[in-house]
1. Among the residues of region 212-236, what is the count of those that are assigned to a helix (DSSP H, G or I), touching a residue at least 12 places away in the same chain (Cβ under 8 Å) and over 17 Å from ARG102 (Cα atoms)?
2. What is the number of the single condition among (1) surrounded by 15 or more Cβ atoms within 10 Å (Cβ to Cβ); (2) out of contact with any strand residue (DSSP E or B) (no Cβ under 6 Å at 6 or more places or on another chain) that THR199 does not meet?
3. For region 182-227, what are the residues that are more than 20 Å from the chain's Cα centre (by Cα) and farther than 22 Å from ASN48 by Cα?
4. Please verify whether ALA171 is of a type outside the set (Phe, Trp, Tyr), within 24 Å of ASP71 (Cα to Cα) and modelled with pLDDT of 95 or more, treating the condition exactly as stated.
5. Give region 207-231 a look and list any residue that's surrounded by 12 or more Cβ atoms within 10 Å (Cβ to Cβ) and charged (D, E, K, R), or say none.
6. Among the residues in region 47-61, are any under 14 Å from the mean Cα position of the chain (by Cα), of a type outside the set (Lys, Arg) and closer than 19 Å to HIS209 by Cα?
7. Hey, among ARG93, ARG76, which residue is at pLDDT below 95 and either among the β-branched types (Val, Ile, Thr) or under 16 Å from ARG39 (Cα atoms) (or both)?
8. Please state which of the following conditions SER68 fails to meet, knowing it meets all the rest: (1) free of Cβ contacts under 8 Å to residues at least 24 places away in the same chain; (2) of a type in the set (Ser, Thr, Tyr); (3) in contact with a helix residue (DSSP H, G or I) (Cβ under 6 Å, 6 or more places away or on another chain).
Amino acid sequence: MDLQVEAEDLVFERQDGIGRITFNRPQARNAFTFAMYERLAAICEEANRDHAIKVLVLRGAGDKAFASGTDINQFREFKTPQDAIDYENRIDRVLTTLEQCRVPTIAAINGFCTGGGAGIAAACDLRIGTKSAKIGFPIARTLGNCLSMSNVSRLTALIGAARVKDLIFTARLVEAGEAANVGLLGEVVEDIAALERRTEEVARLVASHAPLTLNATKQAVARLQRRLTRDEGEDLILMCYTSQDFREGLDAFLNKRAPQWRGQ
């Protein structure tokens, strides 16, 4: 599988200690290719090595989305059960790399933040959104797949088990006000211009603070939170991704029709 990322799909810039990552596929609501996931992980590893980088800001290009998850076309290559395991292992590894990045990470969220995009946002340390932000995991009405074990663990620690079930079972997208109330957003601003200003302010403030204090805090919080292991979730991943329902969900999504679920 070719994992070369197009340079314009994920843009990384550095200035004055702030690394800015832009998901740059606005025509696809910034949906992620596998290569983009790998590039995101590589940038986090670069930030771990380069102490000139003090903070990372993640944002989506355009005015429609932060990121809408994995590009559905990536799933068309799935042929074997191992493809499903490898995919969720990749998501676990990439988001864990983001979550454990040495420097603070800030998600600047406008518009749709769904699926893998919402997983990326949840793995960030701080989340600032506009009033138009919509966050959720609508997989129960789209593909019929499941979240990675790290995503389930991370979300449960962030918003609680009951709210995780609510989000998944209803497949609804949470609007900015509710997202702030439940902990999916730390702050809500008026529009994109305000989001850019406020994110810059917060990034510069955080970048000016003691890096060891920030890193110690990140590590301490991580040590308090148990993560489900990949092995603990393989049976659940295979149940969903090797099902007839997943194939039905994929076909329905690509052909813009409602899926007919059978629970098989």
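1. 5
2. (2)
3. Residues satisfying the conditions are VAL189, GLU190, ASP191, ALA193, ALA194, ARG197, ARG198, GLU201.
4. On the way: of a type outside the set (Phe, Trp, Tyr): yes; within 24 Å of ASP71 (Cα to Cα): yes; modelled with pLDDT of 95 or more: yes.
The answer is yes for ALA171.
5. LYS218, ARG227, ARG230
6. Taking region 47-61 first, the residues under 14 Å from the mean Cα position of the chain (by Cα) are 57-60.
Add one more test, that the residue is of a type outside the set (Lys, Arg), and what stays is 57-58, 60.
Adding the requirement that they be closer than 19 Å to HIS209 by Cα leaves 57.
So far as region 47-61 goes, yes, one or more of its residues are under 14 Å from the mean Cα position of the chain (by Cα), of a type outside the set (Lys, Arg) and closer than 19 Å to HIS209 by Cα.
7. Working: ARG76 fails: either among the β-branched types (Val, Ile, Thr) or under 16 Å from ARG39 (Cα atoms) (or both).
Checking each option against the conditions leaves just ARG93.
8. For SER68, the failing item is (1).
The values are calculated or read from the model by the stated rules, or taken from the named source; none is laboratory data. It should be emphasised that the depicted structure is a prediction, and the values quoted were computed from it without experimental measurement. Don't worry about glycine lacking a Cβ; one is built from the backbone with ideal geometry, like all the others, and counts go over all protein chains shown.
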